[in-house]
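J.: My questions will all concern the structure given below.
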Amino acid sequence: MANNESKKARQYEIVAAELLNRFCSDLGLARVEGKQNVTGLRSGTDWEIDAKGVAEDGVAFMVIECKRHTTSNLPQAIVASLAYSIQDTGADGGFIVSPLDLQSGAKKVAAASNIVHVQLRADSTPLEFEMKFLDRLFVGFHDVANLSISESLSITDHVPFWFKPVSIFGLSCITMPAAVHIC
């Protein structure tokens, strides 16, 4: 059971880093890199961080910690540990990613340490997710449709400006708003 939870936690870290990188400009970052070690400036110890947010200048960075806790809000001690790793590594701040909210003491530590809470569902994937931070909500979803072509569609009159001809797998198609393709 513990091994399965460890795999879920690692997958959560990977998905979180991928999504944060996808929306890095909304976070004020140039990019988000995956798990790595950062050496502490005071302690000299290596900190394993779940992800690293790199600023536009390529030098400043944010420490990203992911905690897939599904039964209780994150406690103060976890956020305080992140706060110290930020201080020791010389980072400009951090992000704590979790499915649930922070406990009241954890919120105080986060506010005092330039840590932003990102709420990401525990079952998130790169395609299906719900991610909240500050006053923003990002949602991803997908569906698979199995279609067979039994009719044809031809447009012989005026093509509206929002139709765009494209080629998909060698087929001539028309792209409509919301990424609908008619071939």
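J.: Would you pick out the residues in region 79-94 that are under 19 Å from ASN37 (Cβ atoms) and not in a strand (DSSP E or B)?
T.: Result: SER81, LEU82, ALA83, TYR84, SER85, ILE86, GLN87, ASP88, THR89, GLY90, ALA91, ASP92.
J.: Taking GLY93, is it at pLDDT below 95, in contact with a strand residue (DSSP E or B) (Cβ under 6 Å, 6 or more places away or on another chain) and of a type outside the set (A, V, I, L, M)?
T.: Judged against the criteria, GLY93 is not a match.
One line per residue, one yes/no per condition, for (1) hydroxyl-bearing (Ser, Thr, Tyr); (2) assigned to a loop (DSSP other than H, G, I, E, B); (3) crowded, with 17+ Cβ neighbours inside 10 Å:
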| position | (1), (2), (3) |
| --- | --- |
| LEU41 | no, yes, no |
| MET62 | no, no, yes |
| THR70 | yes, yes, no |
| ALA77 | no, no, no |
| ILE96 | no, no, yes |
| GLY105 | no, no, no |
| VAL118 | no, no, yes |
| ASP123 | no, yes, no |
| PRO126 | no, yes, no |
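J.: Sticking with this one: Look at VAL15 and say whether it is in a helix (DSSP H, G or I), surrounded by 15 or more Cβ atoms within 10 Å (Cβ to Cβ), in contact (Cβ under 8 Å) with a residue 40 or more places away in the chain and not small (Gly, Ala, Ser).
T.: Against the criterion (in a helix (DSSP H, G or I), surrounded by 15 or more Cβ atoms within 10 Å (Cβ to Cβ), in contact (Cβ under 8 Å) with a residue 40 or more places away in the chain and not small (Gly, Ala, Ser)), VAL15 qualifies.
J.: Working carefully through the options LYS7, LYS52, find the one that is of a type in the set (Lys, Arg), without any contact (Cβ under 8 Å) to a residue 60 or more places away in the chain and buried (at least 16 other Cβ atoms within 10 Å of the Cβ).
T.: Testing whether each residue is of a type in the set (Lys, Arg), without any contact (Cβ under 8 Å) to a residue 60 or more places away in the chain and buried (at least 16 other Cβ atoms within 10 Å of the Cβ) leaves just LYS52.
J.: Now a separate question. Quick one: would you say GLN103 is over 24 Å from ALA60 (Cα atoms), touching a Gly at 6+ places or on another chain (Cβ under 8 Å) and modelled with pLDDT of 95 or more?
T.: no
The values are calculated or read from the model by the stated rules, or taken from the named source; none is laboratory data. Bear in mind that the values here come from a model prediction, so they are computed numbers and not experimental data. Neighbour counts are summed over all protein chains in view; Cβ atoms, including those assigned to glycine, are modelled from backbone coordinates with ideal geometry.
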